[in-house]
Amino acid sequence: MNKKKRTNNKNYHYNKNTSKKKILDGVDLAGSNFMPNEDAKKKLVNNQTERNVLKYKHNLEENSNQNIKNNYQKEDNFENSKHYQNKKSNKKTKDFIKEEKIINPLNKEENNNFKNNSQNYNEKIQSFISILFTIIIFIALILLIIVLYNNYLKKDEDNDLKINKEEVCQEYIKKDYGIKKEEVLNFIKLNRGVFYSLDNFNNQNLTNQDLLSFITYYIWSSDLPYNKCLEDEECLVSKKEIELVKLKKILKQYLNYEKEIKFNNNFQEDDNLRLYLKDQKVILTFKEFMFQTYRHDFIETLIDEDNIKVIMALSKRIDDTNYSYLGYKTIRLKYLDNHFVITSIETNFSK
């Protein structure tokens with residue numbers, strides 16, 4: 001089988017149905033020795049020229065299409081490059097978002113853990129505070145029950161177990177006994193024969209002689225009448241007398257003393273004073289003599305609850321208008337059962 005060469009002219013084509021004949025513009029050239037005439041030549045030339053023009057045009061179009069294709073390819077490359085960059089950028093963004101999505105859940109989990117821990121701490125603190133308040137309230141209720149029981153429900157079975165609140169709290173609570181300074185001074189003035197005559201006297205260490213001295217000066221300064229001595233051998237010149245029962249009441253009031261009194265019966269002929277008991281009467285008898293006490297001037301009166309202290313200046317008379325200072329005397333009293341009890345008398349003489 002003979003192979004036919006395909007011409008470059010695209011107008012020629014191989015046709016199986018034409019018995020391998022070449023056709024050019026309706027002219028069958030195969031096997032023909034026909035020579036074209038001038039018109040045919042001219043037409044052939046024109047056809048050839050037209051084909052060349054068409055070929056050039058086709059090449060031109062093909063080149064133009066190739067350039068356009070190249071341009072498109074460049075644009076595509078540029079677009080692809082831009083798209084690659086965008087894609088790369090998007091990839092980075094996606095990677096960042098992905099990383100952020102990875103990190104954020106971690107942060108979110110940490111935040112959740114922190115919130116949960118904080119919430120747990122808060123719950124623990126609230127639980128502790130609630131328990132603490134419950135304990136405090138429970139203790140307060142117990143104390144309240146104890147106080148109510150001791151004050152209202154408990155019966156005092158033994159009086160010795162009672163607490164004297166005044167004694168316990170006397171150092172902290174000042175009690176007002178309603179003692180006035182004028183009452184204290186009047187008490188001393190009314191009994192000046194005792195206070196002015198006694199220099200030293202201590203009720204806590206009271207001797208029998210101190211007791212007899214107090215009775216002597218009390219009867220002497222009292223408003224009892226003076227009576228003449230008649231048939232009494234122990235009586236001197238005049239006398240004052242008081243019943244023993246009454247004297248004991250006075251001792252109870254002034255000295256808070258309730259014991260027995262021992263009177264002295266050993267007298268001397270030169271006695272100026274005698275104190276003795278006869279027929280349930282206490283008798284004080286005198287001779288004629290002079291008796292003078294120091295001058296007492298009130299300096300200060302201090303009242304501390306039921307304890308009273310009075311300070312008096314002592315002076316000796318020189319003449320009708322002049323006195324010399326000797327020292328001072330301190331008198332202490334106790335306010336008991338709405339009256340004053342003599343606690344002590346102390347005299348300090350200046351040298």
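The values are calculated or read from the model by the stated rules, or taken from the named source; none is laboratory data. Nothing here was measured: the structure is a model prediction, and the numbers come from that model. Reconstructed Cβ throughout: ideal geometry from the backbone, glycine too, with neighbour counts over all protein chains shown. Accessible surface is based on the protein model in full, side chains and every heavy atom, while ligands, DNA and RNA are left aside. Shrake-Rupley method; radii C 1.70, N 1.55, O 1.52, S 1.80 Å.
Would you pick out the residues in the stretch 282-314 that are open to solvent by less than 80 Å² (accessible area, probe 1.4 Å) and over 60 Å from the mean Cα position of the chain (by Cα)?
Within the stretch 282-314, V282, I283, L284, T285, F286, K287, F289, T293 qualify.
On the basis of being aliphatic (A, V, I, L, M) and out of contact with any Phe, Trp or Tyr (no Cβ under 8 Å at 6 or more places or on another chain), does I219 make the cut?
yes
From L333, L326, L314, L302, which residue is free of Cβ contacts under 8 Å to residues at least 12 places away in the same chain, in contact with a strand residue (DSSP E or B) (Cβ under 6 Å, 6 or more places away or on another chain) and either under 30 Å from I179 (Cβ atoms) or not in a strand (DSSP E or B) (or both)?
Of the residues listed, the single one that is free of Cβ contacts under 8 Å to residues at least 12 places away in the same chain, in contact with a strand residue (DSSP E or B) (Cβ under 6 Å, 6 or more places away or on another chain) and either under 30 Å from I179 (Cβ atoms) or not in a strand (DSSP E or B) (or both) is L302.
With respect to K240, is the statement that it is over 22 Å from L333 (Cα atoms), touching a helix residue (DSSP H, G or I) at 6+ places or on another chain (Cβ under 8 Å) and surrounded by fewer than 12 Cβ atoms within 10 Å (Cβ to Cβ) true?
Answer is no for this residue.
Counting only residues that are touching a residue at least 60 places away in the same chain (Cβ under 8 Å), give me the strands (runs of 3 or more DSSP E) lying completely in the stretch 176-292 with at least 1 of them. Give the steps one after another, and end with the answer.
On the way: elements: 238-243, 273-278, 281-286.
Where strands (runs of 3 or more DSSP E) fall fully within the stretch 176-292 and carry at least 1 residues being touching a residue at least 60 places away in the same chain (Cβ under 8 Å), they are 273-278, 281-286.
Assess whether D319 counts as being out of contact with any helix residue (DSSP H, G or I) (no Cβ under 9 Å at 6 or more places or on another chain), open to solvent by less than 70 Å² (accessible area, probe 1.4 Å), over 18 Å from Y218 (Cα atoms) and not hydroxyl-bearing (S, T, Y).
Details: out of contact with any helix residue (DSSP H, G or I) (no Cβ under 9 Å at 6 or more places or on another chain): yes; open to solvent by less than 70 Å² (accessible area, probe 1.4 Å): yes; over 18 Å from Y218 (Cα atoms): yes; not hydroxyl-bearing (S, T, Y): yes.
In short, yes.
Of the residues that sit in the stretch 185-201 and are within 18 Å of K252 (Cβ to Cβ) and out of contact with any Phe, Trp or Tyr (no Cβ under 6 Å at 6 or more places or on another chain), which one is most open to solvent (accessible area, probe 1.4 Å)?
Ranking the qualifying residues of the stretch 185-201, first place goes to L190.
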